[in-house]
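Asker: The following block contains the structure, expressed as structure tokens.
The values are calculated or read from the model by the stated rules, or taken from the named source; none is laboratory data. Since the structure is predicted, the reported quantities are computational estimates derived from the model, not experimental observations. Cβ sites come from the backbone with ideal geometry, for glycine too, and all protein chains shown count toward neighbours. The accessibility values were calculated without ligands, DNA or RNA, using every heavy atom of the protein model including side chains. Shrake-Rupley method; radii C 1.70, N 1.55, O 1.52, S 1.80 Å.
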Amino acid sequence: MDFDNSKPIYLQIVDFFYENILVKEWQEGTRIPSVREVAMMVEVNPNTAIRAFNHLQDLEVIYNKRGIGYFVSDNGYTKVLEIKRREFLEQNLPDVFKKMGLLGISFEQLKNAYNQHKNEKK
Amino acid sequence: MLTANNLYFNYPTSRPVLKAINLELKPGNIYGLFGKNGEGKSTLIKIMTGLLFPKAGNCTFKGKPTQKRGPELLQDIFLIPEEFELPSVSIKAFEYINSVFYPSFSKEQFYGLLEEFQLQPRQLISTLSFGQKKKVLIAFGIATNTQLLLMDEPTNGLDIPSKSQFRKVMASSVDEGKCIVVSTHQVRDLHSLINHVMILNNAQVIFDHSLDQVTQALWFGRASNQEEVIYSEGAFGGKSLLQRTDQDESEVDLELLFNGVLHETQKINQLIDKKGHGSKV
């Protein structure tokens, strides 16, 4: 895994988890790799990996079955969706708006670009 | 686990290499030992393993001085030095001869690591390249499962894919009972593994903090307000180190931290100490 220099590594691992859950690579209620496996996978200190696990546990995205391992919560997908949506609305969108202001792009233009993108996909 | 008490050292006819060194290493951590060339990193590591004796003060491992070099201590310490000579035998023979000294040695782990490093047990060590020899030693060192594992420039001589393998191997080998010390200049090779930083400069330890403490007190990134900057590099779009106030936690840039500490030792240490006391109250 490549690390972005500005974001703490444990949060980048959290993002990696979110992605796996969102693309349904990790299904709700199924077991996910252990702390050690994750540490090896992304080549980090296991203490850093533990921090990511604790963070996700606090958010109730995953839970720990003592002696067995970590599992995606039964409503893990919805939880992640909620978190990522909030992140998009509160962090990514303001950035976009700021850039739009700076570059003088109107909402109309944005709307057109969005529709065009949607049509291309179809 | 390993303690250095007011340690002094100098080589014959040289100025002091280490002055008043106090350290306490605890299990479960990977320590990064940094310092400019010739600042005594390797010397300190040699004292820790009992290869050199301090001129004053002492260095103890599990409560016993390392310079006594008792078998009960040595079987729990392994050093991977920067330069080394290995006997001209096969890897398998090397393992057979040396593994008996380490009670926790895992044969399975050793041969697993060799495979990871693409080495065959029957290869003659003398026919290997420097990097391959280093891999043999790294695999052996990790497989000894000693409580204290010291590595002096472990990634020197490793090829590009091996560095990633090395990180994987390291990540899998730390556990609560082990203490690993890595001395290196290749900060980028290891920054995701190290969780505690020690810096040697002018024969003294000028910095000794965990990365958790560092991220609490300092912020790394592009500063909007130049007045708050403690240390920065590169004028345009450069990186800066500043006191963390209301910013989100940022990732530690070890190179920037190292250079920052060399320039603003007092200021940075004060900030971290202040933060440490504040959170305790």
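Asker: Collect residues whose amide H, placed 1.01 Å from N in the peptide plane, falls under 5 Å from the amide H of A:Ser73; neighbours closer than 5 in sequence don't count.
Answerer: A:Gly29, A:Ile62, A:Tyr63
Asker: Follow-up. So with the 1.4 Å probe, I'd like the accessible area per residue for the range A:1-67, rounded to whole Å². Don't skip to the end; give the middle numbers.
Answerer: Numbers: 3520 Å² over 67 residues.
Ligands and nucleic acids excluded, the figure is 53 Å² per residue.
Asker: May I pose another question? Return the whole-Å distance between the Cα centroid of the range B:46-88 and the Cα centroid of the range A:1-80.
Answerer: One Cα centre to the other: 39 Å.
Asker: Just list whichever of B:Lys26/B:Lys178; B:Lys134/B:Lys168; B:Lys62/B:Lys274; B:Lys107/B:Lys133; B:Lys19/B:Lys55 have alpha carbons separated by over 20 Å in the model shown. Please report the intermediate quantities before stating the final value.
Answerer: On the way: B:Lys26/B:Lys178 8 Å; B:Lys134/B:Lys168 16 Å; B:Lys62/B:Lys274 31 Å; B:Lys107/B:Lys133 18 Å; B:Lys19/B:Lys55 10 Å.
Distance filter (> 20 Å) returns B:Lys62/B:Lys274.
Asker: Do any GluC sites (Glu not before Pro) in the range B:141-239 lie in a DSSP loop with no more than 13 other beta carbon atoms within 10 Å, and if so, which?
Answerer: Numbers: sites: B:Glu176, B:Glu227, B:Glu228, B:Glu233; in loops: B:Glu176.
Filter output for the range B:141-239: B:Glu176.
Asker: Do you know which residues of the range B:238-259 lose at least 20 square angstrom of accessible area in the protein assembly compared with their chain on its own, with a 1.4 angstrom probe?
Answerer: At a threshold of 20 Å² (probe 1.4 Å), the residues of the range B:238-259 that become less exposed are B:Glu249, B:Glu251.
Asker: Related question: Once amide H atoms are built 1.01 Å from N in the peptide plane, which residues 5 or more positions from B:Leu193, or in another chain, come under 5 Å H to H?
Answerer: A:Asn45
Asker: Determine the percent antiparallel among the DSSP beta bridges restricted to chain B, to the nearest 5.
Answerer: Numbers: 27 of 46 bridges.
Expressed as a percentage, antiparallel bridges in chain B total about 60.
Asker: Follow-up question, since we're still on this one. Roll a 1.4 angstrom probe over the protein heavy atoms and tell me the percent of accessible area of the range B:111-210 that is carbon or sulfur. Write out the running numbers ahead of the final one.
Answerer: Numbers: 1580 of 3410 Å².
About 46 percent, which is the carbon plus sulfur part of the accessible surface.
Asker: Would you mind getting me the FRET efficiency between A:Gln109 and A:Leu22? Use the beta-carbon distance for r and R0 = 25 Å, nearest 0.05. Numbers along the way, then the final one.
Answerer: Details: r = 29 Å, r/R0 = 1.16.
Step by step, r from the Cβ atoms, then E = 0.30.
Asker: Among the trypsin sites (Lys or Arg not before Pro) within the range B:87-191, which fall in a DSSP loop and have no more than 13 other Cβ atoms within 10 Å of their own Cβ?
Answerer: When the trypsin sites (Lys or Arg not before Pro) of the range B:87-191 are filtered for loop state and at most 13 Cβ neighbours within 10 Å, B:Arg122 remain.
Asker: Mind listing which chymotrypsin sites (Phe, Trp or Tyr not before Pro) in the range B:182-271 are in a DSSP loop and have 16 or fewer other Cβ atoms within 10 Å? Show your work: numbers first, answer last.
Answerer: Working: sites: B:Phe207, B:Trp219, B:Phe220, B:Tyr231, B:Phe236, B:Phe258; in loops: B:Phe236.
Answer in residue order: B:Phe236.
Asker: Any residues in the range B:163-182 that have 50 Å² or more less accessible area with all protein chains than in their chain alone, probe 1.4 Å, and which are they?
Answerer: Residues of the range B:163-182 that lose at least 50 Å² of accessible area once the other chains are added: B:Lys168, B:Ala171, B:Ser172.
Asker: Another question, then. With a sphere of radius 10 Å drawn around the Cβ of B:Leu7, what net charge do the other residues whose Cβ falls strictly inside it have (Lys, Arg +1; Asp, Glu -1)? Don't jump to the answer; show the numbers that get you there.
Answerer: Working: positive: B:Lys19, B:Lys55; negative: none.
Result for the neighbourhood of B:Leu7: +2.
Asker: Just to be sure I understand: if you take the accessible area of chain A alone plus chain B alone and subtract the pair, with a 1.4 Å probe, what total do you get in Å², rounded to 100? Show your work: numbers first, answer last.
Answerer: Values: alone 8900 and 14110 Å², together 21470 Å².
Between A and B, the summed buried area is about 1500 Å².
Asker: On average, how much accessible surface per residue is there in chain B, in Å², for a 1.4 Å probe, leaving out ligands, DNA and RNA? Could you put the intermediate results ahead of the total?
Answerer: Details: 13380 Å² over 281 residues.
Roughly 48 Å² per residue, with all protein chains present.
Asker: When the Karplus curve 6.51 cos²θ - 1.76 cosθ + 1.60 is applied with θ = phi - 60°, which whole-Hz ³J(HN,Hα) does each residue of the range A:97-102 get, with x for Gly and Pro?
Answerer: 3J(HN,Hα) across the range A:97-102, in whole Hz: 4, 4, 5, 4, x, 4.
Asker: On to the next question. By how many degrees, between 0 and 90 and to the nearest 10, does the Cα long axis of helix B:254-263 differ from the longest principal axis of chain B?
Answerer: Helix B:254-263 sits at roughly 60 degrees to that axis.
Asker: Run down the lysines and flag those whose C-alpha is under 25 Å from the C-alpha of A:Lys118, throwing out any fewer than 8 positions away in its chain.
Answerer: A:Lys24, A:Lys84, A:Lys98, A:Lys99
Asker: Kindly provide the helix-only [θ] at 222 nm of chain B, computed as the sum of -39,500 (n - 2.57) over DSSP H runs of four or more divided by all residues, to the nearest 500 deg cm²/dmol?
Answerer: Values: 10 runs with 95 residues, N = 281.
My calculation for chain B gives -9500 deg cm²/dmol from helical runs alone.
Asker: Here's another thing I want to ask about it. Tell me which aspartates and glutamates have Cα within less than 18 Å of B:Lys64's Cα, excluding those fewer than 8 residues away on the same chain?
Answerer: B:Glu24, B:Glu72, B:Asp76
Asker: Turning to a different aspect of this structure: If you fit an axis through the alpha-carbon atoms of helix B:265-280 and take the longest principal axis of the Cα set of chain B, what angle between them do you get, 0 to 90°, nearest 10?
Answerer: Tilt relative to chain B: about 90 degrees.
Asker: Next up: Give me the percent of the accessible area of chain A that comes from carbon and sulfur atoms, probe 1.4 Å, all protein chains in place. If you can, show how the numbers build up before the last one.
Answerer: On the way: 4160 of 8100 Å².
The C+S portion of the solvent-accessible surface of chain A is 51 percent.
Asker: Next question. Can you give the net charge of the other residues whose Cβ lies under 15 Å from the Cβ of B:Phe105, counting K and R as +1 and D and E as -1? Could the numbers behind the result be given before it?
Answerer: Working: positive: B:Lys92, B:Lys107, B:Lys178; negative: B:Asp76, B:Glu95, B:Glu108.
So the environment of B:Phe105 carries a net charge of 0.
Asker: So, one more: Please give the calculated 222 nm ellipticity per residue for chain A, where each DSSP H segment of at least 4 residues contributes -39500 (n - 2.57) and the sum is spread over every residue; nearest 500 deg cm²/dmol? Write down the numbers at each step before the final one.
Answerer: On the way: 6 runs with 73 residues, N = 122.
Estimated from H runs of four or more residues: -18500 deg cm²/dmol.
Asker: Contact order normalised by length for chain B, with contacts defined as Cα pairs under 8 Å and 6 or more residues apart; what percent is it?
Answerer: Details: 499 pairs, mean separation 55.4, N = 281.
Here the relative contact order equals 20 percent.
Asker: With the Cα gyration tensor of the range B:1-87 giving a ≥ b ≥ c as the square roots of its eigenvalues, does the rule (a/c under 1.5 for rounded; else a/b larger than b/c for prolate; else oblate) give rounded, prolate or oblate?
Answerer: Numbers: a/c = 1.34, a/b = 1.16, b/c = 1.15.
The shape class here is rounded.
Asker: Projecting each Cα onto the charge dipole of the protein assembly as shown (Lys/Arg +1, Asp/Glu -1 at the beta carbon, about the Cα centre), which of A:Gly101, B:Ser173, B:Leu79 comes out farthest on the positive side?
Answerer: So the residue furthest toward the plus end is B:Leu79.
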